[in-house]
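Comments concern the structure below.
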Amino acid sequence: MANLQTDIRYLKGIGEKKALAFQKLGVFTLYDLLCYFPRRYEDRSVYKPIALTVHGETVCIRALVADTPRLTRIRRGLDLVKFRAVDESGMVEITYFNQSYRKDGIHKGESYVFYGKIEVSGARRSMTNPVCEREDTEGGVTGRIVPVYRMNAALNQRTILQAVRQALESCREELPELLPEEIRALDIARRRLVFEELFVLACALGKMRETRVKEQGCRLEPVEIEEFYAELPFRPTGAQRRAVEEALADLASGSVMNRLVQGDVGSGKTMVAAALVWAAWKSGLCSAFMAPTEILAQQHLTTMDRFLSPFGIRMGKLTGSSTAKEKREIKAKLQSGELDLIIGTHALFSQDVEYKNLGLVITDEQHRFGVNQRSAMIGKGTRPHVLVMSATPIPRTLALILYGDLDVSIIDELPPGRQKVDTFAVDESYRARLNGFIRKLAAEGRQIFVVCPMVEENEDLPMELKSAEEHARELQEAFPELKVACVHGKMKPKDKDAVMAAFVSGEADILVSTTVIEVGVDVPNACLMVVENAERFGLSQLHQLRGRVGRGSHKSWCILVSDADGDEVRARLDILCKTNDGFKVAEEDLRLRGPGDFFGSRQSGLPEMHVADLGGDAQVLQRAQQAALRLLAADPTLQEHPALRERVDRLFHDSADSFN
Ligand code: ADP
Ligand code: MG
């Protein structure tokens with residue numbers, strides 16, 4: 001008989017190798033196994049008719065295999081098994097890569113459950129490597145809610161799940177309730193508080209959206225957008241067209257637009273902005289485009305000029321470093337309506353800038369701006385339309401929470417022909433080769449980014465943590481023939497921009513920095529991104545950093561240097577080595593770290609939560625959100641719920657100071 005202290009080798013299917021793999025996860029006994037909690041749960045309990053599935057969605061379908069699975073060997077090490085499966089509503093093509101055993105395990109004319117991601121292309125639906133099992137398989141992983149565990153190479157979900165199930169079976173009696181009744185009741189109380197807090201937040205966001213929708217905005221005249229596309233140096237992608245269309249619909253609606261355009265680095269958000277500037281200009285309105293740094297403002301000016309000069313759109317730039325004379329001239333022009341587009345930094349919205357006919361405000365890289373800055377812009381006279389662009393891919397549900405007061409367009413497609421940035425995770429033993437690589441690339445005239453983690457003066461930090469300045473000194477010693485520049489967050493903005501400008505113009509070969517370069521700088525000649533202490537960065541952040549290279553015609557690389565041990569660090573960095581898709585990276589990031597950390601750094605703009613954890617309590621949040629929307633639909637101004645209304649109104653008011 002087994003008890004909680006029994007070794008896991010006792011379980012069916014757990015041999016020596018798997019036992020060792022479990023031990024790596026800290027699981028030795030059945031008790032350890034029962035404490036190895038899932039990271040999350042997947043709802044696989046609902047079967048969806050094939051015809052109702054949509055692109056990108058992960059679903060369970062129940063379908064009949066329509067033809068005999070065919071095995072094709074593409075080349076050594078790559079074979080496919082392909083077949084079609086049907087239900088009453090439709091057909092899906094299923095492909096397995098390198099799972100040749102599927103050919104004999106799946107039979108024509110029999111029914112199975114498939115769980116996986118649906119891809120739709122035209123009228124065709126397909127699934128790749130879905131989970132497949134017969135309905136009602138004992139110990140199966142479909143047709144129910146399934147826990148998802150942290151894995152490692154030797155342990156897959158099914159193994160862990162089956163081990164946990166067995167352990168539960170054998171030890172059920174030994175698991176008495178330890179918590180006294182009162183304490184359990186406390187937990188219920190906490191959940192109630194969490195729900196309440198999130199409900200109030202959801203009401204506040206929902207109400208903001210409600211009132212905004214009713215807010216009158218200037219209605220743009222209808223445009224023939226093909227006129228604009230015809231002058232572009234490239235063909236817009238489907239996703240760009242969609243985003244433009246959604247925004248144009250807002251602009252023509254008569255209500256104020258508040259839209260977030262989200263797209264991976266390099267997905268072409270700037271063109272979307274240009275299309276709207278063009279549309280506003282067609283209606284005789286001026287647009288303002290705000291960038292977080294002077295460098296970016298300059299870059300946007302160059303790009304916008306390329307897109308918009310064919311139409312004779314008049315543009316100017318206004319930043320903190322414009323001379324007094326320049327500022328005076330630009331301001332006069334804005335006041336008299338002689339400019340159609342002004343690009344700049346925060347300076348655009350300082351008090352003494354007046355706009356004659358401001359119709360559209362665009363801000364780039366939203367995570368640098370908080371809600372109150374957005375409203376400062378909106379406060380400029382009339383109600384301009386607002387477009388916010390962000391390169392932080394966040395799964396849509398989370399975006400709705402974080403940007404609850406905005407509508408969201410997602411650009412989920414990169415322009416054709418993009419090069420993949422080859423990514424490698426290496427340790428310190430690779431240093432000499434890395435230096436050799438840097439030397440070779442620099443000799444070919446390429447430039448190199450090196451990013452170090454942000455370092456505060458702090459004695460507790462491990463010695464090996466690279467500080468940007470120190471690392472820059474080391475590199476300069478190692479490469480006396482090259483010019484190494486350094487930029488970090490403690491520098492004055494002006495100095496920072498000067499260093500960046502020197503790098504952009506090619507004066508420096510290597511730029512060592514903290515994450516100040518994370519935000520969209522474009523240096524097409526840079527083809528190598530080195531990240532030191534890569535374990536210190538979030539996956540999405542690393543992905544942003546990687547997006548700084550691969551922007552020109554040169555083959556590009558990203559090298560993640562980390563000496564940290566641990567399977568988890570490896571697993572994280574491996575994700576970047578395997579995919580270049582920012583949304584996938586974000587999803588994995590969420591899965592591995594849990595949403596708590598993911599949100600951590602970018603909660604700006606939302607009031608501080610006291611009991612709820614916006615990430616960790618995501619499910620409660622979703623329920624709270626649904627409840628709030630239902631309530632607001634019935635009572636939009638919360639007139640019938642005065643106490644709630646007061647709380648809701650106070651929420652954003654009280655925390656206004658904490659917005660950054
Ligand atoms: P991001 O979304 O990161 O701001 P950008 O707007 O800077 O991306 O676009 C990245 C690059 O891709 C730019 O050089 C831009 O001119 C180019 N680009 C944008 N859209 C397309 C397209 N549809 N086809 C080809 N190149 C494009
Ligand atoms: Mg950009």
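The values are calculated or read from the model by the stated rules, or taken from the named source; none is laboratory data. The structure presented is a predicted model; accordingly, all values stated were derived computationally and were not measured. Cβ placement follows ideal geometry from the backbone for every residue including glycine, while neighbour counts extend to all protein chains displayed. Side chains included, ligands, DNA and RNA excluded: accessible areas come from the protein's heavy atoms. Shrake-Rupley method; radii C 1.70, N 1.55, O 1.52, S 1.80 Å.
Residues of region 226-251 that are more than 16 Å from ligand 1 (Cβ to nearest atom), touching a residue at least 60 places away in the same chain (Cβ under 8 Å) and hydrophobic (A, V, I, L, M, F, W, C): 251 alone.
Only one of the listed residues (404, 381) is modelled with pLDDT under 80, in contact with a helix residue (DSSP H, G or I) (Cβ under 7 Å, 6 or more places away or on another chain), away from ligand 2 (no atom under 16 Å from the Cβ) and not in a strand (DSSP E or B). That residue is 404.
Here residue 275 meets each of (1) open to solvent by 20 Å² or more (accessible area, probe 1.4 Å); (2) within 12 Å of ligand 1 (Cβ to nearest atom) with one exception, condition (1). Restricting region 339-367 to residues that are assigned to a helix (DSSP H, G or I) and within 14 Å of residue 260 (Cα to Cα) leaves a set whose member that is modelled with the lowest pLDDT is 367. Taking helices (runs of 4 or more DSSP H) as the structural unit, no element lying wholly within region 425-539 holds at least 3 residues that are within 16 Å of ligand 1 (Cβ to nearest atom) and modelled with pLDDT under 85. Residues in region 311-319 include none that are within 15 Å of ligand 2 (Cβ to nearest atom), buried (at least 20 other Cβ atoms within 10 Å of the Cβ), not in a helix (DSSP H, G or I) and not basic (Lys, Arg). Taking the conditions (1) crowded, with 22+ Cβ neighbours inside 10 Å; (2) near ligand 1 (Cβ under 9 Å from one of its atoms) in turn, residue 287 satisfies each one other than (2).
When 179, 220 are checked against the criterion of being at pLDDT 90 or above and more than 27 Å from residue 97 (Cα to Cα), a single residue qualifies: 220.
Reported count of residues in region 542-578, each being touching a Ser or Thr at 6+ places or on another chain (Cβ under 7 Å) and either open to solvent by 10 Å² or more (accessible area, probe 1.4 Å) or basic (Lys, Arg) (or both), is 4. For region 252-271, taking the residues that are aliphatic (A, V, I, L, M) and near ligand 1 (Cβ under 8 Å from one of its atoms), the one that is least open to solvent (accessible area, probe 1.4 Å) is identified as 271.
All of 562, 553, 658 fail the test of being modelled with pLDDT of 85 or more and among the hydroxyl-bearing types (Ser, Thr, Tyr), apart from 562.
Filter region 267-295 for residues that are assigned to a strand (DSSP E or B) and either within 12 Å of ligand 2 (Cβ to nearest atom) or not polar (S, T, N, Q) (or both) and give the result. The answer is 286, 288, 289, 290. Suppose the filter is acidic (Asp, Glu), at pLDDT below 95 and either touching an Asp or Glu at 6+ places or on another chain (Cβ under 6 Å) or away from ligand 2 (no atom under 16 Å from the Cβ) (or both); does residue 264 pass it? So residue 264 fails the test. Looking across region 522-538, the residues that are in contact (Cβ under 8 Å) with a residue 40 or more places away in the chain and touching a strand residue (DSSP E or B) at 6+ places or on another chain (Cβ under 9 Å) come down to 523, 525, 526, 527, 528, 529, 530, 531, 532, 533, 534, 537.
One residue stands out in region 306-322 among those that are within 16 Å of ligand 1 (Cβ to nearest atom) and more than 29 Å from the chain's Cα centre (by Cα): the one that is farthest from residue 343 (Cα to Cα), namely 310. In this structure, residue 305 qualifies as acidic (Asp, Glu) and either within 16 Å of ligand 2 (Cβ to nearest atom) or in a strand (DSSP E or B) (or both).
In region 594-641, how many are hydrophobic (A, V, I, L, M, F, W, C) and either part of a loop (DSSP other than H, G, I, E, B) or modelled with pLDDT under 65 (or both)? Step through it out loud before you land on a result.
Keep residues of region 594-641 that are hydrophobic (A, V, I, L, M, F, W, C), which gives 598-599, 606, 609, 611-612, 614, 618, 620-621, 624, 627-629, 631-634, 638.
From the residues that got through so far, the ones that are either part of a loop (DSSP other than H, G, I, E, B) or modelled with pLDDT under 65 (or both) too are 598-599, 606, 609, 611-612, 614, 618, 638.
Of the residues in region 594-641, 9 are hydrophobic (A, V, I, L, M, F, W, C) and either part of a loop (DSSP other than H, G, I, E, B) or modelled with pLDDT under 65 (or both).
Selection of strands (runs of 3 or more DSSP E) fully inside region 5-91 by the criterion of at least 3 residues being surrounded by 15 or more Cβ atoms within 10 Å (Cβ to Cβ) returns 58-65, 78-86. In summary, residue 298 fulfils each of the numbered conditions (1) more than 12 Å from ligand 2 (Cβ to nearest atom); (2) among the polar types (S, T, N, Q); (3) more than 16 Å from residue 315 (Cβ to Cβ) with the single exception of condition (3). The number of residues in region 187-243 being open to solvent by 90 Å² or more (accessible area, probe 1.4 Å), touching a strand residue (DSSP E or B) at 6+ places or on another chain (Cβ under 9 Å), in a helix (DSSP H, G or I) and more than 20 Å from residue 272 (Cα to Cα) comes to 1.
Quick check on residue 169: is it under 25 Å from residue 39 (Cβ atoms), open to solvent by 90 Å² or more (accessible area, probe 1.4 Å) and part of a loop (DSSP other than H, G, I, E, B)?
no
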